[in-house]
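Since every read-out is calculated from the coordinates, none of them should be taken as a lab result. Just so we're clear, the structure is a prediction, and the values are computed from it rather than from any experiment. Positions of Cβ are generated from backbone atoms using ideal geometry, with glycine treated the same way; all protein chains shown enter the neighbour counts.
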Amino acid sequence: MSNTHEHLPIIHERVDELPLLLAQVREMGVPELVNAAFPTHHKWQGLSLGHLVAAWVVFILAESNPRLSHLCAWAATHLPTLAVGLGGVVVEPDFTDDRLAPALE
């Protein structure tokens with residue numbers, strides 16, 4: 001056994017904001033409703049459009065900011081919480097504004 005100390009990152013986040021909003025959006029079935037109403041191209045990869053819209057709704061509610069271009073930077077700072085709240089693996093490129101464009105069409 002080595003005497004090296006392992007440094008683990010500590011992430012703290014308010015439990016009354018993002019986790020609560022993510023749970024509410026999932027409880028309302030937003031990802032499933034969006035995915036059913038707006039099928040994506042068969043080559044779409046990563047986070048589904050429904051889960052992406054759910055994250056965008058949470059961003060709008062948490063930040064009072066509806067701009068697409070700000071979602072990616074915000075999501076990058078909350079990836080662990082978004083992964084747990086959306087129920088899957090998420091990466092920063094999942095939240096680019098060009099991926100959200102189909103939601104606005």
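For the chain, the ratio of Cα radius of gyration to the globular rule of thumb 2.2 N^0.38 Å stands at 1.20. Across all C-alpha atoms in region 53-105, the radius of gyration and Dmax reach 10.2, 29 Å.
Label separation (Ser69 vs Leu104): 1.0 nm, computed from points 7 Å beyond Cα along the C-beta direction. Rounded, prolate or oblate: pick one for region 1-55, where a ≥ b ≥ c are the square roots of the eigenvalues of its C-alpha gyration tensor, a/c under 1.5 means rounded, and failing that, prolate if a/b is larger than b/c, else oblate. Oblate shape, in that a/c is at least 1.5 and b/c is the bigger or equal ratio.
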